[in-house]
Amino acid sequence: MPTSTPLPEMDAAVKELLLEAIQAAKAAGASYADARISRFMQNFVFTREQQIQNTVDTETFGCGVRALVDGTWGFAATQKLTKEGVAKAAKTAVGIAKANRIARDAAITLVPTEAHPNASWRSDFTIDPWTISVEDKAALLLKANAEAMKAPNVQFVFSALFFVKDERNYASTDGSVINQLAIKSWPIIQATAVSNDRTDFQNRSSPTPPMGRGWEYITELDLPKVARSTGEEASQKLSAKPVDVGRYDLVLHPTNLWLTIHESIGHATELDRALGYEANFAGTSFLAPPEKMLGNFKYGPEVMNIQADRSQKGALSTIGYDDDGVKPEDYFLVKNGMLRDYQTTREQAGMLKWWYDKNGMPTKSRGCCYAQGWNNVQFQRMPNVSLMPGERDLKWDDLIAATDRGIAIMGDGSFSIDQQRYNGQFGGQVFYEIKGGKITGMLKDVAYQIRTPDFWNGLDMIGGKSSYEIGGSFFDGKGQPSQSNSVSHGAVPARFRNVNVINTGRKA
Amino acid sequence: MSAPMSRDEAQRLVERAIKMSKADGCDVSLNASITGNTRFAANQLSTAGEIEGSTFAVQSSFGPKHAVVTTDDLSDASIRRAIEQSEKLAKLSPDDPEAMPSLPPQTYVPVNAYHEVTAACSPADRAKAALTALEPSRKAGNVNASGYIVTGNNVSAFGNKTGLFAYFSNTTANYTLTVRTSDGTGSGWVAADDHDWSKLDYKSVSERALDRAQRSRGAVAIEPGRYTVILEPQAVGDLVQLLVGYIDSRSADEGRSPFLKPQGGNKIGEKIMDSRVSIISDPADPQLGGQPFDGEGFPLGRQTWIENGVLKQLFYSRFWARKQGKVATGFPTTVKMVGGTTTTEQMIANTERGLLVTRLWYLREVDPRTALYTGLTRDGVFLIENGKIKNAVRNFRFNESPIFMLNNIEALGPTQRLAGTEGGGDVVMPVIKARDFNFTSLSEAV
């Protein structure tokens, strides 16, 4: 459920500019227009060992106008936040749309959506990180660094606190006027252990995911304690046994699995990719064409349920309204192992009308429209895409106990997948050998290679509700010009049978 | 059209900001740009936009304490706020024992990378360029074109309290195009990049991508393993430019880099690659045309990283150089691998069995000890047998290090300015032929 402590009404001056922009676009000939005025702030503190490397504050504030003219889009953005400035941007957007008419094929249409004339939303945080002093932030990191360096051979620690404050104001010619505030926080600790003879070094990054929460998240984590175990594990990796290549049953922790979900399901179920709209950069999807895949493609076993939402407390894609002015609802991309839906915007939902009609569902946007900032045009971006818990409340240890010969993997490492999301290769942070239901030691140089449909159909055991965790990143790239989006993926521990494992410790 | 900010305007703004500063040190960097883009996919225009933007970043320092604040509002009031905020943050920050004083005034090599024709490029010009791909693709009836055309008019400037001032303006024009066959079995990518819009041969890009898509249809699966490869410049660059991420001497000296020496220190002076390999940075190189200073205003001339296979130099920050008794280098803004004289056609003719690779995709570090990366081939891989291209083959995943690959060179060809896929910037690479490239699995992706 979205936490929606109502904000005060949108700043009157901002509202006036938004309305001016969409009116100007309309007057210049747009059939539809929307305007966004946003202020995006970041705060960083970087440290290494016992020193502060830098503290950085950034702020960007401006207005973007999108105009649809005769079925073609135009977009323009400006930092001149005056009536004249935003009106000029609106006219430029209309002019671009008109210039593009010569290259148009089919006209772009938007599915209807409910208007939200006076809406506001704020994310789930109790302490605004901007109220915490840089001294307190730095002191916490230096304390954590000192803990990490207590472990043998840990010679280097990098740590950082990274905060985002995103104020979004939106108005459209369809009658919506929306203001929203999201705060996000990401603590990072990376410890490096170097062997005495300098023939090996090993890194361990802390299991501290970015969350859509405030300073209270940082204090709850107990960073010095996390840093201590991060340092110890970096140190242990030096004496870990190199993995023997072969096929293993993998028990993947949510801190590892979130990224595999992101790459092999999150991006594969984007409708723009499936239809070829990202072919020149991020790529397409093996889940194409939709008419052959929807309702027919078996992604995995019955226990596999993949939810898409923008409502999970503390997740990064959680928002009240998307950048089409749509209020998103929770839905399933994969239900009982079968592909049921894609991620869509108002521009795209109509392309699946046949499917929604067939299933007695209304044709409406899934609320996945997003722009990185005021100077980027909005397009389809990922909601929270999560592997839902199984019915039995199994835990991480239960999955290990049930496994005869396997590898347990925690933390996200190297990740790479092809442009249609078939062939992926994933590393991790720490790897444990499982023999006879028990962890028998640490491994290193492990990466697993997957073919997406085989991998997910090899899923045979999943954790329950109490083992559900959220992982994520602030940086997911897509589009031209490239835009960055923060993503979260919830997951439970899960076991995958017979997965190909390679040894990455090559010497030449 | 002209640059978004003239040298005089930039200098006045920097000086105005510095006058507001009450700190011991004040480093100001300024960026302004006007970019225009046109995007198309599935044979139709999808989005297009024009964006004006600027950023102002100030680092204030009091002795060894410093902090950075950035804003994109260039009004005096906003700049004053940013300076005051950075001074406040700097005072609150703990001492940085590695803090270095601001650089004194420097001289920079002149670089001409600004072209009026690019700055004047209109949405209609870009739409017309897009039509060179859209019209033949629609007409062909069995292919889908997806592309992106972007032009930029950019300024960067840097100044500080000691009187240093640096200014650079350039224009950029970039066209990337992917043509896919409608049956989903073929895909071809071709791209071009230049500071000068009039040198961008978008018609030729469009024709070649269409041709490559048709030729890549019906790719055959062959066994993964070690292959001789002929890598087009983009594929070479996708892997080789990643080496820039490892050039920090400090990481090597500290024992956490592929360039570390187990006995201590780093491998400068050692032969680490095939003796035909030379890698340089040079903003004034006509193919590169890069910014002649780094983020601290440090002047950049020609830097030789690898010469005839020998590691000649690593990056030394001013702090690390002082500590190690070395000369600081500045951080490069460009990278070029020197080419050779063997043409792609000659390389193919001299290959008994090998693969011709268009580009690489989704490269991620697997092992920092060896700069080992994984990634995949994309948009056109062709089997060469007995000196001839035989047929298209399926894509592969590789696990390979640019350092290993540059030890296995067979031939070097002409260089080309890259249009960039995952990386960007001013990069020039040759076509190369290398043996034993390590493909570890097949991908069904087209």
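Enumerate the calculated ³J(HN,Hα) couplings along the range A:491-506 in order (Karplus 6.51 cos²θ - 1.76 cosθ + 1.60, θ = phi - 60°), each rounded to whole Hz, writing x wherever the residue is Gly or Pro.
7, 10, x, 8, 10, 10, 7, 6, 9, 6, 10, 10, 9, 9, x, 6
Let's see if you can work this out: charge +1 on each Lys and Arg Cβ, -1 on each Asp and Glu Cβ, no other charges. What is the dipole magnitude of the range A:141-204 about its Cα centre, in debye to the nearest 20? Could you put the intermediate results ahead of the total?
Working: 7 positive and 6 negative charges, 41 e Å.
Here the size comes out at about 200 debye.
Mind checking the range A:232-340 for GluC sites (Glu not before Pro) that DSSP puts in a loop (not H, G, I, E or B) and that have at most 14 other Cβ atoms within 10 Å?
Working: sites: A:GLU232, A:GLU233, A:GLU263, A:GLU270, A:GLU278, A:GLU291, A:GLU302, A:GLU329; in loops: A:GLU278, A:GLU302, A:GLU329.
The qualifying sites are A:GLU302, A:GLU329.
For B:SER6 and B:ARG302, what does the FRET efficiency come to when R0 = 25 Å and r is the distance between their Cβ atoms, rounded to the nearest 0.05?
The computed FRET efficiency comes out at 0.35.
Counting only DSSP beta bridges with both residues in the protein assembly as shown, tell me the antiparallel percent, nearest 5.
Working: 221 of 247 bridges.
Counting only bridges with both partners in the protein assembly as shown, antiparallel ones make up about 90 percent.
Accessible area of the protein assembly as shown with a 1.4 Å probe: how many percent of it is carbon plus sulfur?
Within the protein assembly as shown, the accessible surface is 51 percent carbon and sulfur.
How much of B:ASP24 can a 1.4 Å solvent probe reach, expressed as accessible area in Å² and rounded to 10?
Accessible area of B:ASP24: about 110 Å².
Obtain the nm distance between the two label points defined at B:THR162 and A:GLU302 by a simple spin-label model: each point lies 7 Å from its Cα along the Cα-to-C-beta direction.
Going from the B:THR162 label point to the A:GLU302 one covers 7.3 nm.
For A:LYS444, list long-range residues whose amide hydrogen, built 1.01 Å from N in the peptide plane, is under 5 Å from its own amide hydrogen.
Residues meeting the criterion, in which the H sits 1.01 Å from N, are A:LYS241, A:VAL243.
Between A:GLY406, A:ALA308, A:SER473, whose Cα lies farthest towards the positive end of the dipole of the protein assembly as shown when Lys and Arg beta carbons carry +1 and Asp and Glu beta carbons carry -1, centred on the Cα centre?
A:GLY406
Which angle between 0 and 90 degrees, to the nearest 10, do you get for helix B:76-92 versus the longest principal axis of chain B when only C-alpha atoms count?
Computed tilt is about 80 degrees.
For B:LYS19, which lysines qualify as cross-link partners when the Cα separation must be under 26 Å and same-chain residues fewer than eight apart are set aside?
Within the straight-line cut-off, B:LYS19 pairs with A:LYS80, B:LYS65, B:LYS88, B:LYS91, B:LYS161.
If ligands, DNA and RNA are left out, what is the accessible area of B:SER278 with a 1.4 Å probe, given in Å² to the nearest 10?
20 Å²
Provide the buried accessible surface between chains B and A in square angstrom, both chains summed, 1.4 Å probe, rounded to the nearest 100.
Details: alone 19580 and 21040 Å², together 33670 Å².
The buried area between B and A, both sides summed, comes to about 6900 Å².
If you line up the long axis of helix B:7-20 against the longest principal axis of chain B, both from Cα atoms, how many degrees apart are they, to the nearest 10?
Relative to chain B, helix B:7-20 is tipped by roughly 40 degrees.
Percent relative contact order of the range B:322-446, based on C-alpha pairs within less than 8 angstrom and at least six residues apart?
On the way: 242 pairs, mean separation 35.8, N = 125.
So the answer I get is 29 percent.
Give me the lysines in straight-line cross-link reach of A:LYS358: C-alpha distance below 27 Å, same-chain residues under 8 apart excluded.
Straight-line reach from A:LYS358, under 27 Å: A:LYS292, A:LYS298, A:LYS327, A:LYS335.
May I ask which of A:LYS143/A:LYS438; A:LYS137/A:LYS225; B:LYS336/B:LYS433; A:LYS353/B:LYS139 have a Cα-Cα span longer than 23 Å here?
From the list (A:LYS143/A:LYS438; A:LYS137/A:LYS225; B:LYS336/B:LYS433; A:LYS353/B:LYS139), the Cα-Cα distance tops 23 Å for A:LYS143/A:LYS438; A:LYS353/B:LYS139.
Between rounded, prolate and oblate, where does chain B land on the alpha carbon gyration tensor, with a ≥ b ≥ c its root eigenvalues, rounded for a/c under 1.5, else prolate if a/b exceeds b/c?
In terms of gyration-tensor shape, oblate.
Could you pull out every one of the aspartates and glutamates with an alpha carbon less than 14 Å from that of A:LYS91, ignoring same-chain neighbours closer than 8 positions?
A:GLU20, A:ASP34, B:GLU50
Leaving out ligands and nucleic acids, note down the accessible area per residue over chain A with a 1.4 angstrom probe, in whole Å².
Numbers: 17470 Å² over 508 residues.
Accessible surface, normalised per residue, equals 34 Å².
With θ set to phi - 60°, apply the Karplus curve 6.51 cos²θ - 1.76 cosθ + 1.60 along the range B:182-199 and write out the HN-Hα couplings as whole Hz, x wherever there is a Gly or Pro.
With the stated coefficients, the range B:182-199 comes to 4, 7, x, 9, x, 8, x, 10, 9, 8, 8, 8, 7, 6, 10, 3, 6, 8 Hz.
Tell me which residues come under 5 Å, amide H to amide H, from A:LEU275 once H is placed; ignore anything under 5 positions away on its chain.
none
Using θ = phi - 60° and the Karplus curve 6.51 cos²θ - 1.76 cosθ + 1.60, what whole-Hz ³J(HN,Hα) does each residue of the range A:328-342 get, with Gly and Pro shown as x?
x, 10, 5, 7, 9, 7, 10, 10, 6, x, 9, 5, 10, 6, 10
Quick one: dipole size for the range B:315-393, taken about the Cα centre, charges +1 on Lys/Arg Cβ and -1 on Asp/Glu Cβ, in debye to the nearest 20.
560 debye
Under a 5 Å amide H to amide H cut-off, with H placed in plane at 1.01 Å, what residues pair with B:GLN416 once short-range neighbours are removed?
Counting only residues 5 or more places away or on other chains, the set is B:MET429.
Take the alpha carbon atoms of the range A:387-436, find their center, do the same for the range B:278-307, and report the distance between the two centers in whole angstrom.
44 Å
Hey, rough spin-label estimate for A:ALA12 and B:ALA349, points 7 angstrom out along Cα→Cβ, what's it come to in nanometres?
Placing both labels 7 Å beyond Cα along the Cβ direction yields 8.0 nm.
Counting helices only, and only those DSSP H runs with n ≥ 4, report the 222 nm mean residue ellipticity of chain A as the sum of -39,500 (n - 2.57) divided by its residues, in deg cm²/dmol to the nearest 500.
-6000 deg cm²/dmol
Which residue, B:ALA221, B:SER317, B:MET100, has the largest displacement toward the positive end of the dipole of chain B when charges sit on each Cβ (Lys, Arg +1; Asp, Glu -1)?
Most positive-ward Cα: B:ALA221.
Calculate the dipole size of chain A relative to its Cα centre from +1 charges on Lys and Arg beta carbons and -1 charges on Asp and Glu beta carbons; express the result in debye to the nearest 20.
760 debye
With a cut-off of 8 Å between alpha carbons and a minimum separation of six or more residues, what is the relative contact order of chain B in percent? Present the calculation step by step, with values, prior to reporting the outcome.
Details: 1170 pairs, mean separation 67.8, N = 446.
For chain B, the relative contact order is 15 percent.
Ordering B:SER401, B:SER182, A:SER133 from largest to smallest accessible area (1.4 angstrom probe), what's the sequence?
Largest accessible area first, the residues go B:SER182, A:SER133, B:SER401.
Separation of the range B:125-152 and the range B:415-446 by C-alpha centroid, Å?
So the two Cα centres are separated by 24 Å.
Looking at the range A:91-156, which trypsin sites (Lys or Arg not before Pro) are DSSP coil and have at most 15 other C-beta atoms within 10 Å of their C-beta? Let's see the in-between values first.
Working: sites: A:LYS91, A:LYS98, A:ARG101, A:ARG104, A:ARG122, A:LYS137, A:LYS143, A:LYS150; in loops: A:ARG104, A:LYS150.
Within the range A:91-156, the qualifying trypsin sites (Lys or Arg not before Pro) (loop, at most 15 other Cβ atoms within 10 Å) are A:LYS150.
Mean separation of Cα pairs under 8 Å and 6+ residues apart, divided by the residue count of chain A: what relative contact order is that in percent?
Relative CO of chain A lands at 16 percent.
In terms of the Cα gyration tensor, with a ≥ b ≥ c the square roots of its eigenvalues, is chain A rounded because a/c is under 1.5, prolate because a/b exceeds b/c, or oblate?
Oblate is the answer for chain A, as a/c is 1.5 or above yet b/c matches or exceeds a/b.
Mind checking the range A:98-186 for GluC sites (Glu not before Pro) that DSSP puts in a loop (not H, G, I, E or B) and that have at most 14 other Cβ atoms within 10 Å?
For GluC sites (Glu not before Pro) across the range A:98-186 that sit outside H, G, I, E and B with at most 14 neighbouring Cβ atoms in 10 Å, the list reads A:GLU114.
Excluding ligands, DNA and RNA, what is the solvent-accessible area per residue of the range B:1-120 at a probe of 1.4 Å, expressed in Å²?
Details: 5250 Å² over 120 residues.
Ligands and nucleic acids excluded, the result is 44 Å² per residue.
Rounded to whole Å, give me the distance from the Cα center of the range B:198-248 to that of the range A:67-128.
If we compute the Cα centre of each part, the gap is 36 Å.
The values are calculated or read from the model by the stated rules, or taken from the named source; none is laboratory data. Bear in mind that the values here come from a model prediction, so they are computed numbers and not experimental data. Quick reminder, even Gly has a Cβ in these numbers, built from the backbone with ideal geometry, and neighbours come from all protein chains shown. All accessible areas refer to the heavy atoms of the entire protein, side chains included, with ligands and DNA or RNA removed. Shrake-Rupley method; radii C 1.70, N 1.55, O 1.52, S 1.80 Å.
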